[in-house]
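Here is the structure we will look at.
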């Protein structure tokens, strides 16, 4: 793609969650993070959430991080529950900057001098959280690549690559409660775990980092059709860089976040932004089935010089 043009893509996302109970539940209360938020280079076009059986109570709002949330209650006997989120999102191609213009060793000073509202708010992402530890083991992990004389953005790209190269992506090797320090020691995990390790690396050395949940368009192997429901939720990391703001890295795929990453919500770690969280009365054993589909609906290529006029 030429530097004189940029792309806008429209995606359609279907996220269906089906709970089945071994015997009837009589009541449930749930909170959802299923409506994509407005974000840099992202615009929400349409979003609906269908719930069955129909809840007796529903309300919408925002959490403390500005993520859209919905709360609902089903107050009658039910044997199963289906939550089906459907949305359309427009993504603008981000402008990637490869040099910050200041050395990585100057990061702490740059952060202290950043008194913008965004900079001040980033400080809540410096502390440890339930799944993301601050520990000297993360300092040891970074030592082989540590270079305070590198440009800041260049160094952050290198750290992202180091997590990608060091932690083996292994499905089913962990669960949503696995802590970053355990992933670092075992050297295996899924996208959430690689994100947690990168977050812990950043926070341990005094750099604000947040957990981002969302979706990623997947492409089937050549000659094969994409399977319905074969996509999944994804996770990556936002890092606050003074003079630039938040920039997102995807350690699972060793890349900066690009057009095909659709942001759903962000927080300190997964515990702040699970798609569905709740309690129920009765129900016995629960089986869970999740199907996610991400489809590219439209792509537009625009001339930068003409749009700037």
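Before moving on, here are some points about what is shown:
- Flag if residue 165 is farther than 29 Å from residue 85 by Cβ, modelled with pLDDT of 95 or more, out of contact with any helix residue (DSSP H, G or I) (no Cβ under 8 Å at 6 or more places or on another chain) and in a helix (DSSP H, G or I): yes
Yes/no matrix, rows are residues, columns are (1) in contact with a strand residue (DSSP E or B) (Cβ under 6 Å, 6 or more places away or on another chain); (2) closer than 26 Å to residue 134 by Cα:
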| position | (1), (2) |
| --- | --- |
| 237 | yes, yes |
| 250 | yes, yes |
| 253 | no, yes |
| 266 | yes, yes |
| 279 | yes, no |
| 291 | yes, no |
| 297 | yes, no |
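- Residues located in the range 98-121, provided they are under 28 Å from residue 13 (Cβ atoms) and touching a strand residue (DSSP E or B) at 6+ places or on another chain (Cβ under 8 Å): 118
- Candidates 120, 172, 156, 184, filtered to the one that is surrounded by fewer than 17 Cβ atoms within 10 Å (Cβ to Cβ), assigned to a helix (DSSP H, G or I) and either within 22 Å of the chain's Cα centre (by Cα) or at pLDDT 95 or above (or both): 120
- Selection from the range 1-47 of residues that are under 24 Å from the mean Cα position of the chain (by Cα) and over 30 Å from residue 95 (Cα atoms): 16, 17, 18, 19, 30, 31, 32
- Residues that are more than 25 Å from residue 212 (Cα to Cα) and in contact with a strand residue (DSSP E or B) (Cβ under 7 Å, 6 or more places away or on another chain), drawn from the range 55-80: 55, 56, 57, 58, 73, 74, 75, 77, 78, 79, 80
- Selection count, the range 48-70, where residues are outside any loop (DSSP other than H, G, I, E, B) and either over 20 Å from the mean Cα position of the chain (by Cα) or loosely packed, with under 13 Cβ neighbours inside 10 Å (or both): 10
- For the range 134-153, the set of residues classified as over 24 Å from residue 271 (Cβ atoms) and either out of contact with any helix residue (DSSP H, G or I) (no Cβ under 8 Å at 6 or more places or on another chain) or surrounded by 15 or more Cβ atoms within 10 Å (Cβ to Cβ) (or both) consists of 140, 142, 143, 146, 150, 151, 152, 153, listed by residue number.
- A single member of 133, 22 is out of contact with any strand residue (DSSP E or B) (no Cβ under 7 Å at 6 or more places or on another chain) and part of a strand (DSSP E or B), and it is 22.
- Evaluation of residue 193 against the conditions (1) over 22 Å from residue 62 (Cβ atoms); (2) buried (at least 20 other Cβ atoms within 10 Å of the Cβ); (3) in contact with a strand residue (DSSP E or B) (Cβ under 8 Å, 6 or more places away or on another chain) shows that the sole unmet condition is (3).
- Reported count of residues in the range 71-115, each being farther than 28 Å from residue 259 by Cα, surrounded by fewer than 17 Cβ atoms within 10 Å (Cβ to Cβ) and not assigned by TED's automatic domain parsing to the domain that holds residue 209, is 8.
- Counting only strands (runs of 3 or more DSSP E) that sit completely within the range 236-294, those holding 2 or more residues that are touching a helix residue (DSSP H, G or I) at 6+ places or on another chain (Cβ under 9 Å) and either surrounded by 18 or more Cβ atoms within 10 Å (Cβ to Cβ) or in contact (Cβ under 8 Å) with a residue 24 or more places away in the chain (or both) correspond to 245-250, 261-267.
The values are calculated or read from the model by the stated rules, or taken from the named source; none is laboratory data. Note that this is a predicted model, so its numbers are computed, not measured. Neighbour counts run over all protein chains shown; Cβ positions are idealised from the backbone, glycine included.
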